[in-house]
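Comments concern the structure below.
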Amino acid sequence: MPVETLIAQAEIEGLPASEISVRDRIVAHIRIARLDHSVKQIFILPGIVLAMALTGERLSLALTGKIVLGLVAATLIACSNYVINEILDAPCDRLHPTKKYRPAACGLVHIGWGYAQWIGMMLVGLALASTISLGFLYSAAALWVMGCVYNIPPVRSKDLPYIDVLSESINNPLRFCLGWYIVASMLLPPLSLLLSYWMLGAYFMALKRFSEYRQIGDGAVAASYRKSFHYYREESLLNSVVFYAATSMLFFGAFIMRYRMELILAFPLVAWLMAVYFGLSFHNESAVQNPEKLYREPKLMIALGLCICAFVVLLFVDLPWIGNAFPKSLP
């Protein structure tokens with residue numbers, strides 16, 4: 001029986017092992033790696049572009065090879081984290097209206113194979129990372145460790161209110177570092193931009209929590225699926241969203257003033273992108289809950305595309321008049 005049919009017919013308790021073929025197991029194990037989530041590696045690209053802009057490095061065949069290898073390594077580390085997430089979250093996922101059809105929640109995943117897959121993908125990812133630079137290796141290892149902190153008891157930060165958002169979104173600056181250390185292996189990335197990137201990720205993650213909580217519509221049911229929902233309410237989640245957005249833009253402004261004044265022209269586009277994303281969080285079955293599906297949102301993709309174009313141009317094109325437009329008014 002095809003794995004799609006098995007998932008569609010699965011009972012909440014899971015399927016008897018005797019009904020699952022080896023082929024279905026293999027397909028299920030491919031699915032729990034969530035290769036469709038590889039789109040999140042796009043957060044590596046700003047680190048690459050900014051490092052090239054600030055160091056003067058130019059794209060070459062050797063650098064292109066490192067970028068491809070780095071993306072593969074980062075994807076393997078991320079997939080390793082998704083595997084352990086699927087395995088450990090299966091009991092809770094069975095209480096979710098849509099996640100109950102995930103392969104692990106349906107009983108399609110062999111637990112022993114799953115743990116081997118988790119470790120194996122991590123080892124291969126780190127082995128590839130070690131060929132790029134030491135900074136890249138440390139960043140990749142930190143990305144994997146944060147996956148463990150987020151998913152594995154007794155810490156399991158995903159069960160702690162606010163800490164769940166902060167510990168998951170720290171993957172954003174770690175991905176930025178991965179991109180940075182592909183290009184600039186001997187320099188530290190700007191701290192102000194890392195903090196801005198972290199808070200921007202927290203903004204996105206808090207809106208994902210808000211969208212999930214709002215769609216479930218019942219606090220008790222939501223809490224049975226995700227422990228941190230015991231402490232959240234729609235109002236508290238939106239309050240945190242405002243905090244993360246304001247903090248992100250504060251540090252982004254600090255980076256602009258210190259390193260690249262031209263980027264101030266991109267701020268309206270960044271604000272528009274954040275506003276569009278905010279609006280999407282109010283839709284049921286929103287792509288905000290499933291970031292791998294965000295490409296299906298035309299308005300969001302237009303905003304993102306314009307942001308990317310503006311950043312690339314403003315990073316490499318000098319506009320001396322910008323500094324004169326914002327003179328110091330005090331000694």
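The values are calculated or read from the model by the stated rules, or taken from the named source; none is laboratory data. Here the structure is a predicted model, which means the values were calculated and not measured. As a convention, Cβ positions derive from the backbone with ideal geometry for all residues, glycine included, and neighbour counts pool all protein chains shown.
Taken over segment 157-168, the criterion of being touching a residue at least 60 places away in the same chain (Cβ under 8 Å) and either within 14 Å of N81 (Cα to Cα) or touching a strand residue (DSSP E or B) at 6+ places or on another chain (Cβ under 9 Å) (or both) is satisfied by K158 alone.
D318 meets the conditions (1) surrounded by fewer than 13 Cβ atoms within 10 Å (Cβ to Cβ); (2) among the acidic types (D, E); (3) within 23 Å of R209 (Cα to Cα) in every case but one. The failed one is (3). Residues that are within 19 Å of L88 (Cβ to Cβ), part of a helix (DSSP H, G or I), in contact (Cβ under 8 Å) with a residue 40 or more places away in the chain and not basic (K, R) are absent from segment 173-180.
Report the residue count in segment 85-110 for those that are β-branched (V, I, T) and under 15 Å from S21 (Cα atoms).
The total comes to 1.
I26 meets the conditions (1) in a loop (DSSP other than H, G, I, E, B); (2) hydrophobic (A, V, I, L, M, F, W, C); (3) out of contact with any helix residue (DSSP H, G or I) (no Cβ under 6 Å at 6 or more places or on another chain) in every case but one. The failed one is (1).
Looking at segment 119-133, which of its residues are buried (at least 17 other Cβ atoms within 10 Å of the Cβ) and either closer than 29 Å to E285 by Cα or of a type in the set (V, I, T) (or both)? Before you say what the answer is, go through the steps one by one.
Taking segment 119-133 first, the residues buried (at least 17 other Cβ atoms within 10 Å of the Cβ) are 121-122, 125-126, 128-129, 132-133.
Hit for segment 119-133 is I132, nothing else.
The C-beta contact set for segment 9-36 (first residue at negative phi and surrounded by fewer than 18 Cβ atoms within 10 Å (Cβ to Cβ), second residue modelled with pLDDT under 55 and among the polar types (S, T, N, Q), distance under 9 angstrom, 6+ apart or interchain) comprises L15/Q9. In segment 290-327, the qualifying residues are those that are β-branched (V, I, T) and in contact (Cβ under 8 Å) with a residue 60 or more places away in the chain, and the one that is farthest from A266 (Cα to Cα) is I322.
Does any residue of segment 243-262 turn out to be in the same structural domain as R209 (by TED's automatic domain parsing), basic (K, R) and surrounded by 17 or more Cβ atoms within 10 Å (Cβ to Cβ)? Yes: segment 243-262 contains one or more residues that are in the same structural domain as R209 (by TED's automatic domain parsing), basic (K, R) and surrounded by 17 or more Cβ atoms within 10 Å (Cβ to Cβ). Highlighted here are the helices (runs of 4 or more DSSP H) found entirely within segment 250-331 that include at least 2 residues which are under 21 Å from V49 (Cβ atoms): 267-280, 298-316. The set of residues from segment 88-112 being buried (at least 17 other Cβ atoms within 10 Å of the Cβ) and farther than 28 Å from G217 by Cβ comprises L108, V109, H110.
Among L300, L306, which is of a type in the set (A, V, I, L, M, F, W, C), closer than 27 Å to P97 by Cβ and either exposed (fewer than 14 other Cβ atoms within 10 Å of the Cβ) or assigned by TED's automatic domain parsing to the domain that holds F267 (or both)? Please lay out each step first, then the result.
Values: L306 fails: closer than 27 Å to P97 by Cβ.
After applying the criteria, what remains is L300.
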